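Data first, discussion second: the structure below is written as structure tokens.
Read-outs throughout are calculated quantities, based only on the coordinates presented, and are distinct from any laboratory measurement. Just so it is clear, the structure is predicted and the values come from calculations on it, not from any experiment. Heads up, the Cβs are rebuilt from the backbone with ideal geometry, glycines too, and the neighbour counts pull from every protein chain shown.
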Amino acid sequence: MADLTKIRVVLENSRDVVIARGAGREVARQLGFGPADQTRLATAISELARNVIQYAREGVCLVTDESNGHRISIKVVVEDHGPGISDIERAMEYGFSTGGGLGAGLPGAKRLVHEFDIESQPGHTRVTIAMSRPRV
Amino acid sequence: MIIPILRLKDVLLTSIQVDLTDQEALDFQADVLRMVSETEAGGIVIDITALDVVDSFMARVLNDTARIVRILGAEVVLSGMQPMVALALIEMGRELVGVETALNLDQGLERLQRLIQERTSGHGRPD
């Protein structure tokens, strides 16, 4: 059962955003998440990966199977070494954007997953999202 | 990646069959606007049955496209959005969906014809 899945996608251009969300969906599907959760996760990864390309130009997306005997869990870490988010609280407000977007990216991603954690300082931003459900 | 836009009598028809990058989505938007303007079509149905992710960027591109097409004097209907895609969009924020929609291409065409009729008979919806 300890079949640890780990997929690492390097984010360097907008094609990589498509690859990263596809990887997230595929791992979620293999672990037994339903179509709704697969889509939620893929959409959340898309938002986070796009932020990396837009603000930091490059980064990585790491999709990991964190399941244990009781729960199936998937964790996604999206990380970059860009300028960082100076005001995380504002960045998490729906409708706030410094990049000309809708301001729905980060708060939207948060609404789609079960766990959402963000840490940022100049030179390093890491967003961790996770989804889990009981094993049946 | 070029997404074909077909002309069918007085309307246009297009179907996004692949996962688009941001740049491809913007190119598609430009193509739609150019075609609407060049062909003087009454409207366009954009079928997104094959899209399994519509994130906030894609949602904005689709919304903007619809808004601009309306300003040009034509109508837009988005057809075939997958239920899970609609679900994720609503969960992210309702404001992301601001386009006329239809269940499938068939109903999309019907709806488009009705919208065009309303516009030409002067009973269009106020924006």
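A compact table of results
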{"quantity": "Unmet criterion (only one of (1) within 30 Å of A:E12 (Cα to Cα); (2) free of Cβ contacts under 8 Å to residues at least 40 places away in the same chain) for B:L72", "calculated": "(1)"}
{"quantity": "Verdict on B:E38 being charged (D, E, K, R), in contact with a Gly (Cβ under 7 Å, 6 or more places away or on another chain), free of Cβ contacts under 8 Å to residues at least 40 places away in the same chain and more than 14 Å from chain A (Cβ to nearest Cβ)", "calculated": "no"}
{"quantity": "Those residues of the range A:61-80 which are over 17 Å from A:F116 (Cα atoms) and free of Cβ contacts under 8 Å to residues at least 60 places away in the same chain, in sequence order", "calculated": "A:N68"}
{"quantity": "Which listed residue, of B:T49, B:T65, is buried (at least 19 other Cβ atoms within 10 Å of the Cβ) and of a type in the set (S, T, N, Q)", "calculated": "B:T65"}
{"quantity": "Qualifying residue in the range A:126-135 (condition: surrounded by 17 or more Cβ atoms within 10 Å (Cβ to Cβ) and in a helix (DSSP H, G or I))", "calculated": "no"}
{"quantity": "Selected residue [out of contact with any Phe, Trp or Tyr (no Cβ under 9 Å at 6 or more places or on another chain) and either among the acidic types (D, E) or more than 12 Å from chain B (Cβ to nearest Cβ) (or both)] from A:V127, A:V77", "calculated": "A:V77"}
{"quantity": "Output for the range A:109-125, where each listed residue is over 10 Å from the mean Cα position of the chain (by Cα), among the small types (G, A, S) and not in a loop (DSSP other than H, G, I, E, B)", "calculated": "A:S120"}
{"quantity": "Residues being more than 23 Å from A:N13 (Cβ to Cβ), acidic (D, E) and either part of a loop (DSSP other than H, G, I, E, B) or touching a Lys or Arg at 6+ places or on another chain (Cβ under 6 Å) (or both) - total across the range A:53-86", "calculated": "1"}
{"quantity": "Hits in the range B:32-76 (condition: in a helix (DSSP H, G or I), farther than 25 Å from B:L89 by Cα and of a type in the set (D, E, K, R))", "calculated": "B:R34, B:E38"}
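Here is a yes/no grid of residues against (1) over 13 Å from the mean Cα position of the chain (by Cα); (2) more than 11 Å from every other protein chain (Cβ to nearest Cβ):
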residue	(1), (2)
A:N13	yes, no
A:G24	no, no
A:A44	no, no
A:Q54	yes, no
A:V60	no, yes
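For (1) in contact with a Leu (Cβ under 7 Å, 6 or more places away or on another chain); (2) more than 20 Å from A:I19 (Cα to Cα); (3) touching a residue at least 60 places away in the same chain (Cβ under 8 Å), each residue gets a yes or a no:
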| site | (1), (2), (3) |
| --- | --- |
| B:I5 | yes, yes, no |
| B:L26 | no, no, no |
| B:Q29 | no, yes, no |
| B:G42 | no, yes, yes |
